[in-house]
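The values are calculated or read from the model by the stated rules, or taken from the named source; none is laboratory data. Quantities reported herein were computed from a predicted structural model and do not represent experimental measurements. Please note: Cβ atoms are built from the backbone with ideal geometry, for glycine as well, and neighbour counts cover all protein chains shown. Heads up: the accessible areas ignore ligands, DNA and RNA and are worked out on the full protein's heavy atoms, side chains in. Shrake-Rupley method; radii C 1.70, N 1.55, O 1.52, S 1.80 Å.
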Amino acid sequence: MAAAFLLALLPFFISGCDNASFTSYYEKGALATASPIATQIGEQVFAKGGNAFDVAVAVGFALAVVHPEAGNIGGGGFAVIRDASTKEIKALDFREKAPLASSEKMYLDSMGNPIENMSTVGADACGVPGTVAGLYELWKEHGSMKWSELISYAILLADSGFMVNSYQAESFNKYRDRLSVFDESSRLFYPNANIWQEGDTFVNRDLGWTLVQLEKDGLESFYAGEIADSIVATVKRYGGLISHEDLASYQIKWRKPVSFTFDSLQIYAMPPPSSGGLIMGQILKLVEAYDFSIYKPGSIEYIHLFCESARLAFADRSEYLGDPDFYNIPFDLLDKNYISERRQLINLNQTNSSLEILPGSIPIPESGQTTHYSVVDAEGNMVAVTYTLNSSYGSKLAVNGCGFLLNNEMDDFAIAPGVPNLYGLVGGEANKIEPAKRMLSSMSPTIILKGGEPLFILGSPGGSQIITAVTQVIVSLSRFNLPLEKALSQPRFHHQWLPDNILLEEKSFDINVKQGLLKLGHIIKEADMLSEIHAVYIDGAGLMSATADRRGPGSAGGQ
Ligand code: DON
């Protein structure tokens, strides 16, 4: 099997295959991921008769090997899934949790000021990982192939190594100083003094060993066995809090997706502890009432309307969203009357300071470097997975002898009211640190149906920018009638209330657009690129086309 598998990957190694093809059409199943190798593994699982869930599990483990800045077993994430046999759509929460010994002010000094880097680097920053439990649950509930077979692809990649492409080589080189702070990570990623070059082979036998334990013993080995021992020992060595009890008590949660309509689309998105579904829902419901016949993609008027709506939604995020097991969202953020009221605050002719925008008040109860992959099969099973270590390479701390990195997800909590996290997001009470609580996320794996039938599935990395990127693709498809690939390649923009500016993808917007936005009172900043969406579209005849965002190294494929 090893030889056949490596042979199958040969064309990839020869061609180098960076940014290969972007859209093709498939009958059996299709997927889009951040890595051409992971996509090829998905194609092989489909070829063996696997369903979308089998593919999602094999790809999840493969990305942990070939895309180690975000693919992971030391982090966590979410999946929104459609089970074709029951037509049920469900949300799987395998988000990290705060260690039991954590406390509200753990990242503040005696003066109440944040201690630099403490919530982002090293053992203090790590939440209790959920990825292994999440992938196991997907397989246990919906998989059709053997668990061991689905992991075997990743084991082979880790043990035999894979050739790094230019993107990966550049990424390893860029993070050398930051990862080398920890002996374990330095040994793993920089076994010699050489600069990484495209075509070099990255072997990770420690990860191979870890994956073999998972293959043999399933969840047990990670949350209670030798791997758990190594996690606890590494974290302890650097003064962190994760204990055996934290690992043994980790549990995934099935949740009801946030669901709403936009035009004729039925949208199913991630509920809290992600803010993704509700904030997308607010933005779409706010813009839905406007006549788009006067708007063009990328026009001043559309960007302004979208950003004004996003500001309102993100203001609510800061106040009302957190782990629903700890904090009750006090009202329905998608309530029709509430959305109409908030819409009154949008002025199409001018913006104002975000400081003048407050989170909406609770209506008086007259009524009451993440990575995303999308997989669909011919039966209509759909799996949208976004999982992450938080920032690239997470906490930068590798677990000794195990070949994988731990996350720095604790930074997604509001470490103090109003203190921005890595993505500039602020929060308070709803998202304060509490033992065993899940930190608020923006990850937005999303499934979209039309007339009850699968239409498309998507998601993205990018922190807070995930939400606006996914929302813009939905608007482009529904309001501007763009095909999926075109919808993905539209220049993106972002506003998240605070910081009070519009982020534009650089070199993508005309000077007139920038001038127009300045005139409306916006502050403009530019970013290299915003998000990296991986999506699958299903046409009326059931043909699937998968699209990987041109902005990243990903690839689309299928059978
Ligand atoms: O859960 C969140 O919202 C963040 N930890 C996601 C981080 C992310 O998307 C990084 N990718 N660029």
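When only Cα pairs below 8 angstrom with a gap of at least 6 residues are kept, segment 417-466 shows a relative contact order of 27 percent. Can you give the convex hull volume of the alpha carbon atoms of segment 380-484 per residue, in Å³? So the per-residue hull volume is 166 Å³. The charge dipole of the chain, taken about its Cα centre with unit charges on the Cβ of Lys, Arg, Asp and Glu (plus for the first two, minus for the last two), comes to roughly 580 debye. Just so you know, the Rg over Rh for segment 315-469 is 1.02, from Cα atoms, with Rh as the Kirkwood radius. Counting only Cβ charges, +1 for Lys and Arg and -1 for Asp and Glu, the dipole size of segment 414-509 around its Cα centre is about 120 debye.
Beyond 29 Å, how much of the Cα-Cα pair distribution for segment 120-279 remains, as a whole percent? Please report the intermediate quantities before stating the final value.
Numbers: 4662 of 12720 pairs.
I get 37 percent for the Cα pairs in segment 120-279 exceeding 29 Å.
When the Kirkwood hydrodynamic radius is evaluated over all pairs of different C-alpha atoms of segment 196-245, what value in angstrom, to one decimal, is obtained? Taking the inverse mean of 1/r over all distinct Cα pairs, segment 196-245 comes out at 12.4 Å. Share of Cα-Cα pairs in segment 471-559 beyond 18 Å, in percent? When all Cα pairs of segment 471-559 are counted, 53 percent exceed 18 Å. Computed from the C-beta positions of residue 220 and residue 187, the FRET efficiency with R₀ = 30 Å rounds to 0.65. The alpha-carbon atoms of the chain, seen along their principal axes, cover 62, 62, 46 angstrom, with the largest extent given first.
Note on exposure: 111, 529 ranked by accessible area (1.4 Å probe, complete protein assembly) read 111, 529, with the most exposed listed first.
Label positions at residue 47 and residue 251, each projected 7 Å from the Cα along the C-beta direction, are separated by 4.1 nm.
Across all Cα pairs in segment 236-303, the calculated P(r) in 10 Å bins from zero up to the longest distance comes to 16, 28, 23, 14, 12, 7, 0 percent per bin.
For residue 299 and residue 198, what is the calculated FRET efficiency with R₀ set at 45 Å and r taken between the beta-carbons, to the nearest 0.05? FRET efficiency, residue 299 to residue 198: 0.70. Residue 343 contributes an accessible area of around 50 Å² to the protein surface, as traced by a 1.4 Å probe with all chains present. Under the criterion of Cα pairs below 8 Å and six or more residues apart, the relative contact order for segment 272-335 equals 52 percent.
Assuming 0.890 mPa s and 25 °C, estimate D for segment 195-322 with Stokes-Einstein, Rh taken as the Kirkwood radius over Cα pairs, in µm²/s.
Working: Rh = 19.5 Å.
The calculation lands on 126 µm²/s.
Count the net charge of all other residues whose Cβ sits under 10 Å from the Cβ of residue 348, scoring Lys and Arg as +1 and Asp and Glu as -1.
Values: positive: none; negative: 301, 308.
That works out to -2.
Accessible area per residue (1.4 Å probe, heavy atoms of protein chains only) ranks 27, 288, 198 as 27, 198, 288, with the largest value leading.
Bridgeable lysines around residue 216 (alpha carbons under 21 Å apart, same-chain partners fewer than 8 residues away excluded): 140, 146.
Of the whole protein surface, residue 335 contributes about 40 Å² of accessible area at a 1.4 Å probe radius. Which value, in Å² and to the nearest 10, is the accessible area of residue 319 when all protein chains are kept and the probe is 1.4 Å? It works out to around 90 Å². Spin-label model, residue 180/residue 355: points 7 Å from Cα along the beta carbon direction are separated by 4.4 nm. Here's the list of lysines a cross-link from residue 396 could span, going by alpha-carbon distance under 20 Å and ignoring same-chain residues fewer than 8 apart: 97, 174, 236.
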